[in-house]
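Notes follow once the structure below has been shown.
The values are calculated or read from the model by the stated rules, or taken from the named source; none is laboratory data. Keep in mind that this is a model prediction, so the values were computed, not measured. Here the Cβ positions follow ideal geometry from the backbone for every residue, glycine too, while neighbour counts run over all protein chains shown.
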Amino acid sequence: MRSDLNNLHQIGIAMANYATGAGGSLPTGRLGKSGPSWRLSMTPFLLSQNVERFYDFDKAWDAAENHKVTGQSVSVMTSPFRQKRVDENGKGFADYGMISGPGTANPPEGPVTLDFILEHDGLGTTLLVGECSGLQIIWTEPRDPDVSREQMGFARVTSHQPTSDRLLSSYGSYGAVVLFADGSAKLLASTIDPKLLSALCSVNGDEAIHPTDWQR
């Protein structure tokens, strides 16, 4: 398995384990916009070291008191194609984010449950996590690709042009790796139709989607 797909596979297992202990709910940040990302909630399932014990939940995610955690580069959260692992302030990047925004698995009112997705659009055709290198997100930052903010589609980024306003972006040229709600990690082609990508982001849109539609 490609290492970037394996990263998403491991994140998928962690999210499933989290949901099992949370009544089926998907992870979210703990303190709203100033609090840490859902990615921090995944670390007990992904890392041998419990980094949460070094995190001060009474402080903002980017407070100096939390630099010991934000300054880490977490390999499972980072694309193997990324060269620059930390920003100019020494904070570690993340290349994967929860697909967020109205109608997604992570809407403004809070994440839905896996059972809700199963009963509506289906686990195998609903995106949970996508590669979003161009957003240059810090791994503890409560920010993710948002369907109401980013432009629907894919963009390739490079070390010389590292940012993008597309929902999905990657340092790889073939497309973006994504995680579906059934736990499967896939590569979405760089040529994916924005309308199809929008349908995959929806949890309750009743779109008729077959796996061959996005595997072409």
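One residue stands out among those in the stretch 163-216 that are among the polar types (S, T, N, Q) and more than 24 Å from Q83 (Cβ to Cβ): the one that is modelled with the lowest pLDDT, which is Q215. Reported count of residues in the stretch 140-153, each being touching a Ser or Thr at 6+ places or on another chain (Cβ under 7 Å) and either touching a residue at least 60 places away in the same chain (Cβ under 8 Å) or buried (at least 24 other Cβ atoms within 10 Å of the Cβ) (or both), is 5. In the stretch 159-175, the residues that are touching a residue at least 24 places away in the same chain (Cβ under 8 Å) reach residues that are surrounded by fewer than 17 Cβ atoms within 10 Å (Cβ to Cβ) and of a type in the set (K, R) with C-beta atoms within less than 8 angstrom, at least six apart or across chains, in these pairs: S159/K84; P162/K84. Quick check on S159: is it at pLDDT below 95, hydroxyl-bearing (S, T, Y) and either part of a loop (DSSP other than H, G, I, E, B) or within 15 Å of the chain's Cα centre (by Cα) (or both)? Yes. Here G124 meets each of (1) of a type outside the set (S, T, Y); (2) more than 16 Å from R39 (Cβ to Cβ); (3) part of a loop (DSSP other than H, G, I, E, B) with one exception, condition (3). Exactly one of these conditions fails for R82: (1) touching a residue at least 24 places away in the same chain (Cβ under 8 Å); (2) of a type in the set (K, R); (3) farther than 16 Å from L5 by Cβ. Give me its number. R82 satisfies all of (1) touching a residue at least 24 places away in the same chain (Cβ under 8 Å); (2) of a type in the set (K, R); (3) farther than 16 Å from L5 by Cβ except (3). Selection of the stretch 176-206 for residues being on the phi > 0 side of the Ramachandran plot and over 15 Å from the mean Cα position of the chain (by Cα) yields only D206. Only residues that are touching a Lys or Arg at 6+ places or on another chain (Cβ under 8 Å) and of a type in the set (K, R) were counted in the stretch 131-155, giving 0.
A count restricted to the stretch 85-106 and to residues that are assigned to a loop (DSSP other than H, G, I, E, B) and in contact (Cβ under 8 Å) with a residue 24 or more places away in the chain stands at 9. Contact annotation: residue pairs with Cβ atoms under 7 Å, 6 or more positions apart or on different chains, pairing a residue in the stretch 178-192 that is crowded, with 20+ Cβ neighbours inside 10 Å with a partner that is assigned to a loop (DSSP other than H, G, I, E, B) and β-branched (V, I, T), are F180/T126; A181/T126. Of the residues examined, F116 is not one that is surrounded by 22 or more Cβ atoms within 10 Å (Cβ to Cβ) and either at pLDDT below 95 or out of contact with any Cys (no Cβ under 9 Å at 6 or more places or on another chain) (or both).
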